[in-house]
Amino acid sequence: MSEAGARVNSDLKDSDWRQIAEWLEDSDLACLEISGPGWQVRMLRQTGYRVQQMPLLRPSPASNVIASPDRDQALQVVAPHVGVFLDRHPQRALPMVQPGSRIRQGDIVCLLKVGQVLTPVVSPADGVVAHVWASPGEVVGYGKNLFEIREVQAVWK
Amino acid sequence: MIEILCAGALSTVQDAGRTSYRRFGVGTAGAMDQLALAIGNLLVGNSPGAAGIEVPVLPFRVRFLQAVDFAVSGADCLLELDAKPLLPCWKYRAHAGQILSLGRDGEGFSTGARSYLMVSGGIDVPPVLGSRSTQLRGQFGGYQGRALLDGDMLKTGSQDGTDPGPRDAKAEAGGAGFGVLAPDIALDANVFFAADPAASVAVTAVRVLPAAEYTNFNASSLDDFWKSGWKITAQSDRYGYRLAGPPLGLTVALETRSHGVVPGVIQVPPSGQPIIQMRDAQPSGGYPKIGSVIEADLWRLAQALAGSRLRFVQVNYPQAVAASKANQVYLEKVRDQIALYRSLNV
């Protein structure tokens, strides 16, 4: 573990990686990804933990999409950051999308409120909204599933 | 460059106003809703002194002749960019040739009375006496000292050191834009307005400080002043809001020499019907003053439509100062949070 830690270029020390590995061993997690400024690391549980340096992904838009492994043509749109989920703008009566809405890549599907600022969550693909997973006013964390999109025509890379 | 396709009526270029020349008899002019102006400037990344277009009558349409960031703050209405519906208080990127519409024929504002179109770099007209505001009475400042007309071409540009260059790269990346909560949602002044059983959507409550001649009015008039729902008559505009309600009378006839007055001052002429001085009012007047709408609530006045009603809520000086502070805190939060969002949104 200490050898693997020595090869990792990150802000964390070897002792930090060992501590994280210990915490993970006590949990049920099989994989943990941690990123920081200019680095991203994945820890996989095999026999003990293997630390793997990953190439830094391009930041959003790709980061708010997860391809569901078990549903072929469905995309989950996830929260790109923490915030209060709003299904409509505070000055608009109707929700931006509902289950069944046909949407296009780039359409704003909902808003996240952070303090006074309202940020857009945009659709990564053309498709149809199948499910809305969050409820208005709910505080959502980074990566929380917000929408499921089906009949996907194009995916943002 | 922006081309005015449909100017509506009385649309003017306004910024924060001329504040250093009142003692020479030059009124402030400037945006009626200073909060909306400030928020719009923050959204598009302008310095606080940048000018925008105040739109009091719909419909209003412009064509962008070059790419700019823009936002529409203040009153809400049907907003469309090339027929695509937009959100209020939201920063967008327009490409050259796109047409922005505020409202449609026959439809007015859904809430409020004045919208503000703010663009990155601000409206570039020559400053007069330190401000780009239009002084309609004196016919100077703004765009040729007058309200806008169909066909006017307005330059937008770098003002007060605002450089649109570096922001362009970020604007392209953040294509969907972002917004802020409007003041009527974000400001929590409800402690002053909640107690009124007669309060409704059509009644705007504003906080008022008693003015110098307050005690010269008779007791029943003072009672009427605080209790009435004063109607904003159709003869209300940027010069002043003429109110209709029970006539207010003095205990003893009073003659005062003309003296300086500021926006928000409520004068009572011999008719007994109060007039609230607004941004284009004369800087001096001689009528007795019964009260003054606090500076922090002038934007609420600006967003009260002609035909709707006003109610005055009495406050004291420390409360008025606290209200101004609350507005300031809100703007600082908006500024800091926008800066944080921009820095994270690579």
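Some notes on this structure:
- The one condition in (1) closer than 24 Å to B:Ala304 by Cα; (2) away from every other protein chain (no Cβ under 11 Å); (3) in a strand (DSSP E or B) that B:Leu100 fails to fulfil: (1)
- With respect to the stated conditions, A:Val129 fails to be within 13 Å of chain B (Cβ to nearest Cβ) and at pLDDT 90 or above.
- Single unsatisfied condition, B:Thr134 versus (1) open to solvent by 70 Å² or more (accessible area, probe 1.4 Å); (2) at pLDDT 85 or above; (3) touching a Gly at 6+ places or on another chain (Cβ under 7 Å): (1)
- The conditions of being of a type in the set (A, V, I, L, M) and assigned to a strand (DSSP E or B) are met by B:Val72.
- Comparison of B:Ala173, B:Ala205, B:Ala182 shows that the only residue that is among the hydrophobic types (A, V, I, L, M, F, W, C) and modelled with pLDDT under 65 is B:Ala173.
- The stretch A:114-126, residues that are within 7 Å of another protein chain (Cβ to nearest Cβ) and open to solvent by less than 10 Å² (accessible area, probe 1.4 Å): A:Val117, A:Leu118, A:Thr119
- Any hit, the stretch B:326-344, residues being under 18 Å from B:Leu35 (Cβ atoms) and more than 14 Å from every other protein chain (Cβ to nearest Cβ): no
- Checking each residue in the stretch A:27-41 for being modelled with pLDDT under 80, open to solvent by 30 Å² or more (accessible area, probe 1.4 Å) and not small (Gly, Ala, Ser) picks out A:Asp28, A:Leu29, A:Cys31, A:Pro37.
- Applying the criterion of at least 1 residues that are open to solvent by 50 Å² or more (accessible area, probe 1.4 Å) to the strands (runs of 3 or more DSSP E) found wholly in the stretch B:235-346 leaves B:240-244, B:309-314.
- Unique match (being in contact with a Leu (Cβ under 9 Å, 6 or more places away or on another chain) and within 18 Å of B:Arg238 (Cβ to Cβ)) among B:Gly74, B:Gly97: B:Gly74
- Matching residues, the stretch B:54-93, being open to solvent by 30 Å² or more (accessible area, probe 1.4 Å), basic (Lys, Arg) and within 14 Å of chain A (Cβ to nearest Cβ): B:Lys84, B:Arg93
- Answer from A:Gln98, A:Gln73 - the residue that is more than 14 Å from chain B (Cβ to nearest Cβ), at pLDDT 90 or above, part of a loop (DSSP other than H, G, I, E, B) and over 23 Å from B:Val334 (Cβ atoms): A:Gln98
- Within the stretch A:123-142, being under 13 Å from the mean Cα position of the chain (by Cα) and under 26 Å from B:Lys333 (Cβ atoms) holds for A:Val140, A:Gly141, A:Tyr142.
- Hits in the stretch B:273-327 (condition: β-branched (Val, Ile, Thr), touching a helix residue (DSSP H, G or I) at 6+ places or on another chain (Cβ under 6 Å) and more than 14 Å from B:Trp226 (Cα to Cα)): B:Ile294
- Selection from the stretch A:104-113 of residues that are touching a residue at least 24 places away in the same chain (Cβ under 8 Å), more than 10 Å from chain B (Cβ to nearest Cβ) and open to solvent by 10 Å² or more (accessible area, probe 1.4 Å): A:Gln105
- One residue stands out in the stretch B:103-120 among those that are open to solvent by less than 10 Å² (accessible area, probe 1.4 Å) and more than 14 Å from chain A (Cβ to nearest Cβ): the one that is nearest to A:Arg92 (Cα to Cα), namely B:Gly103.
- Some residue of the stretch B:12-22 being part of a helix (DSSP H, G or I) and farther than 22 Å from B:Ala182 by Cα: yes
- Scanning the stretch A:76-94 for residues being in contact with a Pro (Cβ under 8 Å, 6 or more places away or on another chain) and either touching a residue at least 12 places away in the same chain (Cβ under 8 Å) or assigned to a strand (DSSP E or B) (or both) gives a total of 6.
The values are calculated or read from the model by the stated rules, or taken from the named source; none is laboratory data. As the structure is a computational prediction, the values presented were derived from the model and not from experiment. Using ideal geometry, Cβ is built from the backbone for each residue, glycine included, and neighbour counts are taken over all protein chains shown. The accessibility values were calculated without ligands, DNA or RNA, using every heavy atom of the protein model including side chains. Shrake-Rupley method; radii C 1.70, N 1.55, O 1.52, S 1.80 Å.
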